[in-house]
Amino acid sequence: MSNQRTIFWLRLATLVALCLPAADLAWRWYTGDLEPRAVTLATHITGDWAVVFLLVSLALTPARAVFDWSPLIHIRRRVGVAAALYAVAHLLIYVLDQKWNLVVVATEIVKRFYLTIGFVALLALVALAITSTNGWQKRLKRNWKRLHWLVYPAVTLALLHFFIQSKVNIGEAAFAAGLFAWLMLWRVLPPKIRTGFAGLFLLAAGATLVTVVFEASWYGLVNKIDPLRVLAANLDPELVPRPAQKVLAVSLLVIVLAALRRGLASASRLWTQRYIRRTIPTS
């Protein structure tokens, strides 16, 4: 299959995948599956998917390098735009929950810190989505890259919003934060080692450790729970899987997939060389 054909089908599959959560949510809402807290659940679901797609958009650059598959870069823009759209839906459903009273909504955003930072993250994501086009890239020139560095503080604020609204059970938020740590650590590693197996194992250990620190620190500072209890929980087989363990599992999965990808590529090159030797005369 040609590269252009591959990109076409990849973009189409990505578009379908990005629409599926919204379609599933709409169907569940229509059939009453979200009752009796339909609006609250829809608010949480759209927020969760916004975070998921934000992390996926940040993961595409490392995935392109680690798996050596350039077509992935062609779907990064639409995944980022989808994250912004789900974040907008997250806000709109919250406004619906407030019976479209914009005064109440604005007051709540100003009064409640987690809503304030969530709204700031939303504004940043909308700005990035609007300026993601080729036209804006030409208009802004060098400033375009500077503007799109806002994605990192935006994700940080979105994750903090996720932590605060999760209240007591921060497992999913800690898992998301651990994945974000992996993505950021990959970007600060020297280019020579971040695609090699040594670098990937280093990332697995680093991201897992950071996740444990995130979880223990949050429970210690916010919930006044002894951090040592959280550390011990990560070693208790009855409490599997913990956020750090899930981050480690994802990190190891990346290593396995990278090994398979490189193994298949090596096997393909070897087969091609042997085929050429057998079919093309040497003299």
Given the criterion assigned to a helix (DSSP H, G or I), farther than 19 Å from H90 by Cα and under 17 Å from the mean Cα position of the chain (by Cα), identify the matching residue among L20, L10, L15. L15
If you check R78 against the conditions, is it assigned by TED's automatic domain parsing to the domain that holds L96, without any contact (Cβ under 8 Å) to a residue 24 or more places away in the chain, charged (D, E, K, R) and in a helix (DSSP H, G or I)? no
Selection from the range 87-132 of residues closer than 17 Å to Q165 by Cα, not in a loop (DSSP other than H, G, I, E, B) and not hydrophobic (A, V, I, L, M, F, W, C) yields H90, Y94, D97, E108, K111, Y114, T116, G118
Checking the condition farther than 30 Å from F67 by Cα, among the aromatic types (F, W, Y), crowded, with 16+ Cβ neighbours inside 10 Å and in contact (Cβ under 8 Å) with a residue 12 or more places away in the chain, which residue from F175, F163, F214, F180 passes? F163
Output for the range 225-283, where each listed residue is charged (D, E, K, R), outside the structural domain of V210 (by TED's automatic domain parsing) and modelled with pLDDT under 85: R269, R274, R277, R278
Going through (1) surrounded by fewer than 14 Cβ atoms within 10 Å (Cβ to Cβ); (2) within 23 Å of the chain's Cα centre (by Cα) one by one, R76 fails only at (1)
Answer residue from the range 35-51, given it is touching a residue at least 40 places away in the same chain (Cβ under 8 Å) and of a type in the set (A, V, I, L, M, F, W, C) and is surrounded by the most Cβ atoms within 10 Å (Cβ to Cβ) among those: A50
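The values are calculated or read from the model by the stated rules, or taken from the named source; none is laboratory data. Every value quoted in this text rests on a predicted model; they were computed, and no experiment measured them. Don't worry about glycine lacking a Cβ; one is built from the backbone with ideal geometry, like all the others, and counts go over all protein chains shown.
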